[in-house]
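Heads up: the structure comes next, in structure tokens.
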């Protein structure tokens, strides 16, 4: 039906009025539905004598958690145990996002490479990983690849203090020595100077038109000064070595198989999708743009950085936002391979308390928050990229 | 708009129906013509699909006995495999009519989680299995060991308790499913596997070389396993409880699958006559026909037969605590009169 321009008393067109009314009606219905659902749930919980509310979060958890970023023991509360799970979820998600982005860009660029072999390998990788359920990839990495490693007593020793076994990847734990303060301060100063140089170079170039290698120069300043501070501190960092005793390695740091498998699985899986985003981004840039840039005679690296990438990102970023969000949600598959993420620990809490409504609400709140943060960040990035051209 | 209204009305109607689910589980089962019975996802001997895909086992036989007592048909059961963390919720929410699935009767579950336990069908306790090559003879020697465990169970809590009270550093690896935990143990990810003793024995029989794995002597907890029903339907709770007691009493009285029909017709002992409905009305107490136990025993046999068929014959498990009270066990049915 055509929208008429007759204004109503409120100054709205009839079409807008109708639209506002119907939207209001839908909203009222949804709210009524939510209320009914809530009321019904409460009534049923009360009927069956199921406790509700979040008071249980204060109680002693008593459950064991194998992998925790913060100090945890079973005398802590359920709320604290859940926090351990949230941090584990965040930790693996952040690392996986970084890994998947790096690998994804490599795969995406490889797919459009003129090197036939490279392009084919990338294509096979993408098609394989995208068509396998993530759970299978996880099981494969966990039960086939990592389980095939030797027992800790026959661990593969790469160098002193670095061991590979089916119980995990053991590394020396860095420990601060006496000269650590000198080193730390030196590093901070070096970082600052490096950045200052980088920014000065950029401004200098705009002012004079002369190119100064800002990034490389800044990096050199940072590495040089930090290295100097390291020597000055008299090797301020040592490592506590893992040593095999009894059942397992003691001391050092460990990347447990569950964590490692989840990380590898998420990176491999998500990188396939991000690779496709990067490929479509690159292919979306009009060939004429590249030809025109090449005609100016600047190096192909500059063409890539200044012409190709900014335009490719425009297409790549929105799609990648979705993949990041999926990655975070997919991390919940951890439960199948025994990594104590938020869903695994929350599931245990449900098993002990039966307070599923509360825990599920908490899961939803955390996932929603993480994904909104990702979304906001990526939208900001996207807005900057969009702004940069046309 | 019309569609939205219809959807809203349908949702409201669905929620009203959901609210009324618990009014009379017995009537619901009769109407549906089948019993929705929650079982495990597969524990040999207890509940496991056989090679033809038919659910068999100790826990399964209690589902069958209850279906037989109500509907006269032991096959009228719909089995719902439940993970550990779902088992309580599935019952309290009405998804299943009862759960017959290695579930420990704990105070918290019984009082705050919307379920009621019926009668104990198996007195179990948690233990450890460890690779015999480690030379470990006692759970107290396990300091520093990695232990595979299933999430959402009392097992997980007992493991933490045991470590705390004995000052042992035990590193847990917690899995969603029993199968994954067992596989991880088999692959050498963990030094030890912990769960109820009965299940350790059950899983060990499925290993390529059972003798390479040792079940340690320590029993670190009491695990009375009992079928559970939703809180609030007392008639239904009574029914499930007394079918279990009936099967235990049947063994006590020497009534078997083979002789139940003959006993029902000719027995003169008043205990047996009451149980089998040839005098009095024990079935009527719980809303069933007088021959409720005749049907149940004809379908699955008495408690001893259920135990022998599923646990002794296949897993070589002994009766132990689960022997009748007069044979040195603690199995004791409340008087059926």
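The values are calculated or read from the model by the stated rules, or taken from the named source; none is laboratory data. These figures come from a predicted structure and were not determined experimentally. Cβ sites come from the backbone with ideal geometry, for glycine too, and all protein chains shown count toward neighbours.
Out of all the residues in the range B:132-142, which are facing another protein chain (nearest Cβ under 8 Å) and either modelled with pLDDT under 90 or under 25 Å from the mean Cα position of the chain (by Cα) (or both)? Result: B:134, single match.
Here the condition is being touching a helix residue (DSSP H, G or I) at 6+ places or on another chain (Cβ under 9 Å) and modelled with pLDDT under 90; of B:290, B:280, B:304, it holds for B:280 alone. Count of the range B:105-125 residues, restricted to those that are buried (at least 23 other Cβ atoms within 10 Å of the Cβ) and within 13 Å of chain A (Cβ to nearest Cβ), is 5. Filtering the range B:310-323 to residues that are touching a strand residue (DSSP E or B) at 6+ places or on another chain (Cβ under 9 Å) and surrounded by 18 or more Cβ atoms within 10 Å (Cβ to Cβ) leaves B:310, B:311, B:322. Within the range B:116-130, the set of residues being in contact with a helix residue (DSSP H, G or I) (Cβ under 7 Å, 6 or more places away or on another chain) and either at pLDDT below 90 or assigned to a loop (DSSP other than H, G, I, E, B) (or both) comprises B:118, B:119, B:121, B:125. Just one residue in the set B:156, B:137, B:183, B:171 is more than 19 Å from residue A:352 (Cβ to Cβ), free of Cβ contacts under 8 Å to residues at least 24 places away in the same chain and outside the structural domain of residue B:49 (by the TED database); that residue is B:183.
Among the residues of the range A:304-319, is there at least one that is at pLDDT below 95, out of contact with any helix residue (DSSP H, G or I) (no Cβ under 6 Å at 6 or more places or on another chain), within 30 Å of residue A:153 (Cα to Cα) and part of a helix (DSSP H, G or I)? Within the range A:304-319 (the criterion being at pLDDT below 95, out of contact with any helix residue (DSSP H, G or I) (no Cβ under 6 Å at 6 or more places or on another chain), within 30 Å of residue A:153 (Cα to Cα) and part of a helix (DSSP H, G or I)), the answer is no, since none of the residues qualifies.
I'm trying to understand the selection: among the residues of the range A:10-42, which are away from chain B (no Cβ under 14 Å) and either in a helix (DSSP H, G or I) or closer than 29 Å to residue A:52 by Cβ (or both)?
Scanning the range A:10-42 gives A:14, A:15, A:16, A:17.
So that you can scan it fast, the table gives a plain yes or no per residue for (1) outside any helix (DSSP H, G or I); (2) more than 14 Å from chain B (Cβ to nearest Cβ); (3) modelled with pLDDT under 95; (4) surrounded by fewer than 19 Cβ atoms within 10 Å (Cβ to Cβ):
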site: A:335; (1), (2), (3), (4): no, no, yes, no
site: A:339; (1), (2), (3), (4): yes, no, yes, no
site: A:346; (1), (2), (3), (4): no, no, yes, no
site: A:351; (1), (2), (3), (4): no, no, yes, no
site: A:384; (1), (2), (3), (4): no, yes, yes, yes
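Given the criteria facing another protein chain (nearest Cβ under 9 Å) and in contact (Cβ under 8 Å) with a residue 60 or more places away in the chain, does residue A:73 qualify? Criteria not met by residue A:73. When the range B:222-258 is limited to residues that are free of Cβ contacts under 8 Å to residues at least 60 places away in the same chain and in a helix (DSSP H, G or I), the one that is surrounded by the fewest Cβ atoms within 10 Å (Cβ to Cβ) turns out to be B:234.
Taking residue A:263, is it within 22 Å of residue A:373 (Cα to Cα), touching a strand residue (DSSP E or B) at 6+ places or on another chain (Cβ under 9 Å) and away from chain B (no Cβ under 14 Å)? So residue A:263 fits the description; yes.
Only residues that are crowded, with 18+ Cβ neighbours inside 10 Å and either more than 10 Å from chain B (Cβ to nearest Cβ) or within 34 Å of the chain's Cα centre (by Cα) (or both): list them for the range A:43-61, please. Result: A:56, A:57, A:61. Looking at this structure, is residue B:205 surrounded by fewer than 15 Cβ atoms within 10 Å (Cβ to Cβ) and out of contact with any strand residue (DSSP E or B) (no Cβ under 8 Å at 6 or more places or on another chain)? Judged against the criteria, residue B:205 is a match. Among the residues of the range B:171-196, those identified as crowded, with 22+ Cβ neighbours inside 10 Å, more than 7 Å from chain A (Cβ to nearest Cβ) and at pLDDT 90 or above are B:181, B:182, B:185, B:190, B:192, B:193, B:194, B:195, B:196. Scanning the range B:150-170 for residues that are more than 30 Å from residue B:303 (Cβ to Cβ) and either within 9 Å of chain A (Cβ to nearest Cβ) or under 25 Å from the mean Cα position of the chain (by Cα) (or both) yields B:151, B:159, B:160, B:161, B:162, B:163, B:164, B:170.
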